Structures are given as C-alpha cells and as structure tokens.
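**Student:** Mind having a look at this structure? Questions to follow.
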Amino acid sequence: METERTYSFGGRPGGDARPEEPAPEEQAQTDPVPHVPDDTPVDIEEAFRDSNVQEVLDKLDRELVGLKPIKTRIKETAALLLVDRVRAGVGLPAAVPSLHMSFTGNPGTGKTTVAMRMAEILHRLEYVRKGHLVTVTRDQLVGQYIGHTAPKTKEILKKAMGGVLFIDEAYYLHRPENERDYGSEAIETLLQVMENQRDDLVVILAGYKDRMDQFFQNNPGMHSRIAHHMDFPDYSAEELLDISKLMMEEQQYRFSPEAEETFKEYIELRMQRPNFSNARSVRNALERARLRQANRLFAGGGKGLTKRDLMTIEAEDFRASRVFTELEGNSADGG
Ligand SMILES: Nc1ncnc2c1ncn2[C@@H]1O[C@H](COP(=O)(O)OP(=O)(O)OP(=O)(O)O)[C@@H](O)[C@H]1O
Ligand SMILES: [Mg+2]
C-alpha cells in the first residue's frame with residue numbers, strides 16, 4: 001500500500017491524473033514541484049471513487065441506526081482528507097490535519113463500533129497506513145512501579161502506530177487523589193506522540209461525558225490536542241427496536257408479530273431499569289431470547305419443526321425475562 005501522501009492523486013500510485021514528471025534538467029533545479037497552472041482541472045469525484053471510501057460510508061449508514069450527527073462528522077472528515085489529497089495532487093500544500101478525537105456517551109451507544117469504522121475510513125483515505133484499532137484501558141498503559149509506565153505506554157503506542165488507539169474510560173488515567181500515581185506519566189508520553197506522530201496515529205479517548213469534561217479541564221494539554229469531540233446520545237426506544245431488527249437479521253432470526261410487540265414493551269421497561277446500556281442491553285436481551293427459544297424447541301420434543309421455527313423468536317421467549325417477571329427487581333442486566 002502506498003504510504004507517501006504527497007503528490008498522489010486519487011490514491012493511485014502513478015495514476016494517470018498525476019501531473020507530468022518534470023524533465024531531467026528541470027528536476028535538477030531546487031523546486032521539485034512542477035508548476036501547475038491554476039486552471040488545471042481537478043477531479044474530486046475520481047479521487048472519491050478511487051479511495052473506495054463510499055463503501056465504508058454506505059456500510060456505516062446501513063449497519064448503524066441513528067447517530068446522524070456522528071455520521072455527518074465522519075463524512076465531513078472524509079471530505080477534508082479527500083480535498084487534501086487532491087490539493088497535494090496539484091502541488092498545493094496539504095497540512096496534515098490533527099484527527100485525535102473524543103467519543104463521549106453512555107455505555108452501548110456505539111462508540112467502539114464507530115471507532116472501528118473510523119479506522120477503516122482513515123485507512124482508505126491513506127491517513128493511516130494500516131487502519132487497525134487497538135483498544136486499551138488504563139491498566140494497559142500505566143504501570144504499578146516507578147519506571148514501568150513509559151515503556152508500557154510506548155509499547156501500546158507502537159502496536160497502534162499506523163492505526164487508531166482507542167482509550168476507553170480515558171479519565172482513569174488521571175487520579176489526582178493518589179499522589180504516587182503514574183497515570184500522568186502515561187498522559188505525557190501520549191501527548192508527545194499525539195503531537196509528533198499524528199500523521200500516522202489517531203488517538204480516540206472515550207467515556208462518559210461528564211467525567212471526560214472533568215478530565216479535559218484537568219488536562220488542558222490533552223484537550224488542546226483533541227480536534228473532534230463527538231457526543232453519542234442515548235438511543236430512543238424506536239431506534240433500539242431498529243437496532244434489534246438489524247441484529248436479528250444479521251443472525252437470520254426474526255420476530256413473530258407478537259414477539260415484536262412484546263420486545264417493544266421489553267425495551268420500554270428495560271430502559272427504566274438499572275444498568276441499562278443502550279444497544280448492548282438489546283444485544284444481551286436477544287442472546288437470552290435465543291437461549292430460551294432453543295430450550296422451547298427442545299422442550300416441545302422437536303417434532304414437526306421447520307426451518308421457520310429455527311428462525312423465529314416468539315413472544316414467550318421474552319416474557320420469561322425478569323424485566324417482566326419481577327417488575328420491582330434489581331438484577332444486573334434485567335434478565
Ligand atoms: N447505532 C447502532 N446500530 C446498530 N448497532 C449498534 C449501534 N450502536 C451500537 N450497536 C451495537 O451495540 C453493541 C454495543 O456497541 P458499542 O460496543 O459500540 O458501544 P460502546 O459505546 O462502545 O459501549 P461501551 O461504553 O459499553 O463500551 C455492539 O454490538 C454494536 O454493534
Ligand atoms: Mg466500547
């Protein structure tokens with residue numbers, strides 16, 4: 001894959017849209033960039049097509065319910081990077097934009113999923129070489145003893161180089177109440193690399209909004225290096241139902257009409273209960289429904305079953321949930 005970013009047009013090394021090579025005698029002169037007249041036509045569409053980024057954007061639209069503002073921001077970022085590439089293609093300077101981000105929101109609102117897509121998009125636009133996502137929390141960055149933290153953080157940074165480093169619950173890096181805490185050392189190391197190697201690594205800090213705001217207040221250096229703050233809202237009941245349908249489709253299951261009604265009720269109730277975590281709670285509920293369906297099919301003796309039965313989740317597969325059976329209960333994830 002092509003790593004040099006200057007002077008490539010539309011992602012094709014040596015593609016035909018590349019301005020002509022300078023003649024040898026011109027090349028010997030100081031300016032290596034040939035003069036490109038201002039009225040040189042540029043083809044943004046072609047650059048867009050060549051990057052194959054549309055594929056990822058379509059997938060983002062198709063596979064992720066809601067998240068309109070997030071999707072818009074991602075498209076804007078893609079546009080910026082594309083225009084930068086086309087600019088470079090006609091010899092214009094294209095400053096490497098800083099793309100470190102913070103993703104704030106409650107559990108299960110899609111932060112990790114979007115980070116994975118983001119890595120893919122940045123890769124297609126050749127902002128990063130590899131486009132992989134390395135997910136870590138404090139424990140993988142911060143050591144227990146003096147001298148352990150910097151090497152630990154550096155090792156993770158090395159792993160993430162060429163891709164995206166996703167730091168979940170990033171605020172745990174900062175523990176002011178503990179004076180012998182090494183978190184600040186990890187932050188220092190991160191800051192350096194975020195500044196010096198930002199053309200080959202994107203850092204995404206994720207976590208709850210209020211705690212993240214506090215973290216940025218205490219770490220202005222970190223705040224100033226984050227160019228994009230994206231807030232992931234809680235999903236509405238309707239969006240959660242749409243998400244459940246996507247998840248079911250993915251695994252070739254379907255709701256019976258009664259099951260769909262029951263699951264709507266389930267969602268409304270589950271949203272009120274403790275430890276509700278948006279799309280993650282939906283995924284967990286469907287897992288348990290699958291389990292109950294399997295047991296129901298077995299308990300029925302398995303006679304006269306069809307493929308349809310294997311695919312269908314019935315209302316009773318949800319009704320047995322603790323969300324319905326113990327309406328005052330207090331279980332970990334609603335059962
Ligand atoms: N908008 C969405 N459309 C479809 N599925 C979604 C959406 N958002 C999240 N999911 C699914 O919900 C699950 C949880 O999402 P994800 O792990 O991205 O959330 P998160 O914000 O990182 O949560 P946490 O804070 O708990 O780590 C995943 O299985 C993901 O595929
Ligand atoms: Mg996550």
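The values are calculated or read from the model by the stated rules, or taken from the named source; none is laboratory data. Predicted model, so just to flag it, every value in this text is computed and none were measured. When we count neighbours, we look across all protein chains shown, and the Cβ atoms used for this are built from the backbone with ideal geometry, even at glycine.
**Student:** Looking at Thr72, Thr149, Thr153, which one is without any contact (Cβ under 8 Å) to a residue 40 or more places away in the chain and away from ligand 1 (no atom under 16 Å from the Cβ)? So that I can check it myself, show each step before the final result.
**Tutor:** Numbers: Thr72 fails: away from ligand 1 (no atom under 16 Å from the Cβ); Thr149 fails: without any contact (Cβ under 8 Å) to a residue 40 or more places away in the chain.
Answer to the check: Thr153.
**Student:** Continuing with this model, one more query. Taking only segment 90-102 into account, find how many residues are farther than 14 Å from Met222 by Cβ and either in contact with a Ser or Thr (Cβ under 8 Å, 6 or more places away or on another chain) or modelled with pLDDT of 95 or more (or both).
**Tutor:** Here is the first cut: in segment 90-102, the residues farther than 14 Å from Met222 by Cβ are 90-97, 99.
Adding the requirement that they be either in contact with a Ser or Thr (Cβ under 8 Å, 6 or more places away or on another chain) or modelled with pLDDT of 95 or more (or both) leaves 90, 94, 99.
Result for segment 90-102: 3.
For every residue, the table says whether it meets (1) more than 14 Å from the chain's Cα centre (by Cα); (2) within 20 Å of Glu239 (Cα to Cα); (3) within 9 Å of ligand 1 (Cβ to nearest atom).
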position	(1), (2), (3)
Gly105	no, yes, yes
Gly108	no, yes, yes
Thr113	no, yes, yes
Met116	no, no, yes
Ile121	no, no, no
Tyr127	yes, no, no
His132	no, no, no
Asp139	yes, no, no
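**Student:** Scan (1) in contact (Cβ under 8 Å) with a residue 40 or more places away in the chain; (2) surrounded by fewer than 21 Cβ atoms within 10 Å (Cβ to Cβ) for the single condition Met118 breaks and write down its number.
**Tutor:** (2)
**Student:** Exactly one condition in (1) on the phi > 0 side of the Ramachandran plot; (2) away from ligand 1 (no atom under 16 Å from the Cβ); (3) in contact (Cβ under 8 Å) with a residue 40 or more places away in the chain is false for Asp317; which is it?
**Tutor:** With (1) on the phi > 0 side of the Ramachandran plot; (2) away from ligand 1 (no atom under 16 Å from the Cβ); (3) in contact (Cβ under 8 Å) with a residue 40 or more places away in the chain applied to Asp317, the lone miss is (1).
**Student:** With the requirement that a residue be away from ligand 2 (no atom under 16 Å from the Cβ) and aliphatic (A, V, I, L, M), what does segment 261-283 give you? Give the derivation first.
**Tutor:** At the first step, the residues of segment 261-283 found to be away from ligand 2 (no atom under 16 Å from the Cβ) are 261-274.
Of everything in segment 261-283, those that are away from ligand 2 (no atom under 16 Å from the Cβ) and aliphatic (A, V, I, L, M) turn out to be Ile267, Leu269, Met271.
**Student:** Six or more apart or on different chains, Cβ atoms under 6 Å: show the pairs whose first residue is in segment 268-284 and free of Cβ contacts under 8 Å to residues at least 40 places away in the same chain and acidic (Asp, Glu) and whose second is away from ligand 2 (no atom under 15 Å from the Cβ) and part of a helix (DSSP H, G or I).
**Tutor:** Going by the 6 Å Cβ cut-off, the qualifying pairs are Glu268/Ala237.
**Student:** Can you tell me how many residues within segment 185-208 are touching a Leu at 6+ places or on another chain (Cβ under 8 Å) and within 16 Å of ligand 2 (Cβ to nearest atom)?
**Tutor:** Qualifying residue count, segment 185-208: 2.
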